[in-house]
Amino acid sequence: LGIVLLGVCTEGMTYIRRNVVPRSKHLVGKPRLYRVALGLLYTIQVTLGYLLMLVAMTYQVELFIAVILGLCIGHTILNTSVPVADTTDPCCVPPVQPPRAQVA
């Protein structure tokens, strides 16, 4: 169950990087803070991805299925509305432009 949740959390980080951070009102007009936030979230996402890879490399079928199931559940719940990219590599999510301050 923990491995499944780890897979869902990994897909959740992709969702946060694509959808939550660019719309954050706290980051509007603060490009440095925006880059730090994205960098931190990227670090967490990559770390979770490598942990899942280590679990899969234990060559235990049950754990491997749990990894795949978690990633599938997370992707289905959080990331199916995003167009398919040129690559399936989760580390290469297309960059999101920083939010700009609105001029009234």
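What accessible area per residue, rounded to a whole number of Å², is obtained for the range 1-79 using a probe radius of 1.4 Å?
65 Å²
Can you figure out the FRET efficiency of V61 with H26, using R₀ = 41 Å and their beta-carbon distance, to the nearest 0.05?
0.40
Quick one: pull the percent of accessible area on the range 1-79 belonging to carbon and sulfur, 1.4 Å probe, ligands and nucleic acids left out.
Here carbon and sulfur together make up 73 percent of the probe-accessible area.
Placing +1 at every Lys and Arg Cβ and -1 at every Asp and Glu Cβ, with all other atoms neutral, what dipole size does the range 1-79 have around its Cα centre, in debye to the nearest 20?
Magnitude of the dipole: close to 660 debye.
Please report the net charge: other residues with Cβ closer than 10 Å to the Cβ of Q45, K and R +1, D and E -1.
That works out to 0.
For the charge dipole of the range 1-79, defined by +1 on Lys and Arg C-beta atoms and -1 on Asp and Glu C-beta atoms about the Cα centroid, which residue among V46, L71, A56 has the Cα displaced farthest towards the positive pole?
Checked the options; the winner is V46.
Under the 0.36 nm per residue contour assumption, what length would be gained going from the current alpha-carbon distance of L40 and L5 to full extension?
Between L40 and L5, full extension yields an extra 10.6 nm.
The values are calculated or read from the model by the stated rules, or taken from the named source; none is laboratory data. As the structure is a prediction and not an experimental result, all values here were calculated from the model. Don't worry about glycine lacking a Cβ; one is built from the backbone with ideal geometry, like all the others, and counts go over all protein chains shown. Accessible surface areas use protein heavy atoms only, side chains included; no ligands, DNA or RNA. Shrake-Rupley method; radii C 1.70, N 1.55, O 1.52, S 1.80 Å.
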